[in-house]
Amino acid sequence: MTTYNALFCVALALASAQDLTWRPNVQERPVNHEKQSFREPLSWRSPDPPVKEQPHFPLQFDLKTPEVPDSMRVICRKNSIRVEAKRDLLGIGQLVKAVDVTLGGCPATGEDTHDQVLIFDSELHGCGSQLLMSEDTFVYVFTLQYTASPLGDTPIVRTRDVTVNIQCQYQRKHNVSSSFLNPTWTPFRDSKSSEESLYFSLKLMTDDWQFARPSSQFLLGDMMKFEVSVKQFHHTPLRVTVDDCVATVVRNIDTVPRYFFLGNNGCLFDSQVTGSSSRFLPRSQDDRLQFQVEAFKFQQDDRGVLYITCNLKAMASTAVVDSVNKACSFDSGWTEASGVHEACSCCDTECGPQSWGHVTPNGK
């Protein structure tokens, strides 16, 4: 089996030649032999490389605008404050961990498990509050802080840190009111770079998979949709796979922090270690493969840029789908994009030699 590799690889062109068979003409008398000469130059030449296709972008494309969720309730009392924060604090359908949310450094004093609400009770002078005074009012300012902890045994997070300023305002005549500032965050960018030889391609796609995505900007919680392909041209039909992918904050894959979310010759770890919806789509054609990864960032890194480097591979489409030539996703078990699920049985151990060695999601 012939395998072509690319770290985004050298094309091998195969040409066939006809066998020329010469048989002597047997006659009863001797025959004069004359050496054959070629007076005309050979006209065959190596085919030209294909013209690079221009990406086909959608006619209209709008980036998502972050929406401020309605996820908190503040009750200002005579001598105390109560803050009720939904565990879906960011309004993206994902529950935050209770230990990741504090009120001025104080943990939650209770939790409504039915409505998934964290409860913080504090005296007005407690939990790191600040007192601001004017001629007519007293204002107690609290800070609700959410700091995302890493997912599983990885160095990544999929949510932004959030700080909410909460104010309880008291007038000298004892009228009580409450107000708070909603959490805000800025989107982060994902940049991908690729280099092509043997006409491999790695590109971002729109949500409907119909067009190349004109922007590499995502919000946390979005799905980054990737399509890899290999041009066949003069080759026999090829099947493309993704051996491994690593995310870094600079272009060098040997730096830290880094996150190997796909490796072991085609095993997409991300959904297994973080509980995300990352997966390969069922394969519809051999020379094209699609997969999606839920957007993430590295903990305590606010640059908002990721570099994703993938190692692509192609082999003859007639080659068997096996432990080193596969596209496996995890959802309560490993499944293969072509339906040959037994090829994924090694994803929890070691499937074979890799370009970057045996890796774990956290890059060790």
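Taking the condition of being charged (D, E, K, R), over 30 Å from Asp100 (Cβ atoms) and at pLDDT below 90, how many residues in segment 297-333 meet it?
Number satisfying all stated conditions: 0.
Is one or more of the residues making up segment 286-296 basic (Lys, Arg) and under 14 Å from the mean Cα position of the chain (by Cα)?
no
For segment 19-66: of the residues being at pLDDT 70 or above and among the hydroxyl-bearing types (Ser, Thr, Tyr), which is farthest from Ser216 (Cα to Cα)?
Checking each candidate, the answer is Ser43.
Any residue at all in segment 196-216 that is in contact with a Ser or Thr (Cβ under 7 Å, 6 or more places away or on another chain), at pLDDT below 90, among the charged types (D, E, K, R) and open to solvent by 10 Å² or more (accessible area, probe 1.4 Å)?
no
Select from segment 67-86 the residues that are open to solvent by 50 Å² or more (accessible area, probe 1.4 Å) and under 29 Å from Met223 (Cα atoms) and list them in ascending order.
Hits for segment 67-86 are Glu67, Val68, Asp70, Lys86.
Among what's in segment 117-126 and is out of contact with any Ser or Thr (no Cβ under 8 Å at 6 or more places or on another chain) and part of a loop (DSSP other than H, G, I, E, B), pick the residue that is least open to solvent (accessible area, probe 1.4 Å).
Looking at the filtered set, the residue picked out is Gly126.
What are the pairs with Cβ atoms under 7 angstrom where one residue, in segment 270-292, is under 15 Å from Trp334 (Cβ atoms) and of a type in the set (S, T, N, Q) and the other, located anywhere, is open to solvent by 70 Å² or more (accessible area, probe 1.4 Å) and not in a strand (DSSP E or B)? Sequence gap at least six, or different chains.
If the second residue must be open to solvent by 70 Å² or more (accessible area, probe 1.4 Å) and not in a strand (DSSP E or B), the pairs left are Ser271/Asp331.
Any idea which of (1) crowded, with 21+ Cβ neighbours inside 10 Å; (2) over 23 Å from Ser284 (Cα atoms) is the one Thr241 doesn't satisfy?
(2)
The values are calculated or read from the model by the stated rules, or taken from the named source; none is laboratory data. What you are looking at is a predicted structure, and each value in this text was computed from that prediction instead of being measured. All Cβ positions, glycine included, derive from the backbone under ideal geometry; neighbour counts span all protein chains shown. Side chains are part of the model used for accessible areas, which takes the heavy atoms of the whole protein and leaves out ligands, DNA and RNA. Shrake-Rupley method; radii C 1.70, N 1.55, O 1.52, S 1.80 Å.
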